Structure formats: structure tokens, C-alpha cells
Amino acid sequence: KLYIIMISSNKEKTHNLLIWTSSFLPITGGLQKSSYEYVKYLNNNYNVEVITNRYPYDLKKNEIISGIKTHRYLFLHSPLNYFKKKRFDLFIAWFFLKPYTIFRLFFYLLKFRPKIINVHFPDIQLFECLLFKFIFKYKIILSFHGNEVERLISNKKWSIKSLMYLK
């Protein structure tokens, strides 16, 4: 029997894949470089976009980096920690910016409709990612590095963060 396998280089990217990382280019560092290489590789077969934290604040909200759409949001978290650390500016800002960020994310996800979200370096974005999972029914993949694995093991079993990891 003769089997002919045809491989097309013009393969249409049909699945939307979202990489949700704590930090991304143009910031330089190990996480940013590994996230970029990962996104670049996946972009060959999927329609990939990136959501990341807008830190420092002067970075653009939306930009295209090497052909990859990158969207930045302000992910404030733990308002009680801001209060304890006497960061009253962030404590007050949390009440305004958290709903605004959730609102913007909702409309972004409504438009992009990812099938899979890969949370690269799961941290402050876990709450929003899980919140929208119930609405948009995407699959979540968590990518851990050495440091996160050690933190995961040392976390209390019933902490909020541990419960979000399990969910």
C-alpha cells in the first residue's frame, strides 16, 4: 500500500490560544524570554495572543511584538496587603481598577474567544482567569518553573492561592 501525506505550509490557524503571563517583552529577564520563545513556537500552529501585567505603567496597553498581539492590564491584588504595607494609594486604587480590569478583560475574551489559556508563571492573574473560565468555558494550562514548584509545595494546603491552583 502507498500512503501519501501532504503537508501544507499554509495551514490555517483555527484555534485561539491565549498566553497569560505575569510579564512579557519589552521587559528583559528569564520569564520574559522564555514566555516569548514559547509564544513564538506556538504561533506557528495557533492564533496566539498574550495578556500580561502592565508594569511598568508607561508600557503601551496594546502592541504587536514580533507579530504577536500583546495586551496589558493592571492586575492589582490583595488590597489588605496594600493596607498593611501602608500603600493606601494602591488600596484605594484597587476598588476602582479591579472592576475596570475585569470589565476590559470580559470584552477582550468575548472578542478573542480562546479555546485554551496557558497561565505562564501563575501569580496575580489566577482570580480573573478562573472567574472567566466559568463564562467562556476554556481549558486552562498552568506552566510552572522551579521557583513556583518550590512555592507550591511550601504553601499552606488550604490557602486561597493553593485552592485556585487546584481549581
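The values are calculated or read from the model by the stated rules, or taken from the named source; none is laboratory data. Keep in mind that what you see is a predicted model, and the values were worked out from it rather than measured. Cβ atoms come from the backbone with ideal geometry, glycine included; neighbour counts cover every protein chain shown. SASA here: full protein model, heavy atoms, side chains in, ligands and nucleic acids out. Shrake-Rupley method; radii C 1.70, N 1.55, O 1.52, S 1.80 Å.
Taking region 109-134, which residues are at pLDDT 80 or above and among the aliphatic types (A, V, I, L, M)?
Correct list: Leu109, Leu110, Ile116, Ile117, Val119, Leu130, Leu131.
Residues are listed down the side, and each one gets a yes or a no for (1) in contact with a Pro (Cβ under 8 Å, 6 or more places away or on another chain); (2) farther than 22 Å from Leu130 by Cβ; (3) aliphatic (A, V, I, L, M):
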| residue | (1), (2), (3) |
| --- | --- |
| Leu17 | yes, no, yes |
| Tyr38 | no, no, no |
| Asn43 | no, yes, no |
| Val50 | no, no, yes |
| Lys61 | no, yes, no |
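Yes or no, residue by residue, for (1) modelled with pLDDT of 85 or more; (2) closer than 15 Å to Ile117 by Cα:
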{"position": "Lys1", "(1), (2)": "no, no"}
{"position": "Ile5", "(1), (2)": "no, no"}
{"position": "Ser9", "(1), (2)": "no, no"}
{"position": "Asn16", "(1), (2)": "yes, yes"}
{"position": "Trp20", "(1), (2)": "yes, yes"}
{"position": "Asn44", "(1), (2)": "no, no"}
{"position": "Glu49", "(1), (2)": "yes, yes"}
{"position": "Ser66", "(1), (2)": "yes, no"}
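Consider region 43-97. How many of its residues are under 15 Å from Pro26 (Cα atoms) and either open to solvent by 30 Å² or more (accessible area, probe 1.4 Å) or in a helix (DSSP H, G or I) (or both)?
Of the residues in that region, 14 qualify.
Among what's in region 109-132 and is crowded, with 21+ Cβ neighbours inside 10 Å and β-branched (Val, Ile, Thr), pick the residue that is nearest to Arg54 (Cα to Cα).
Val119
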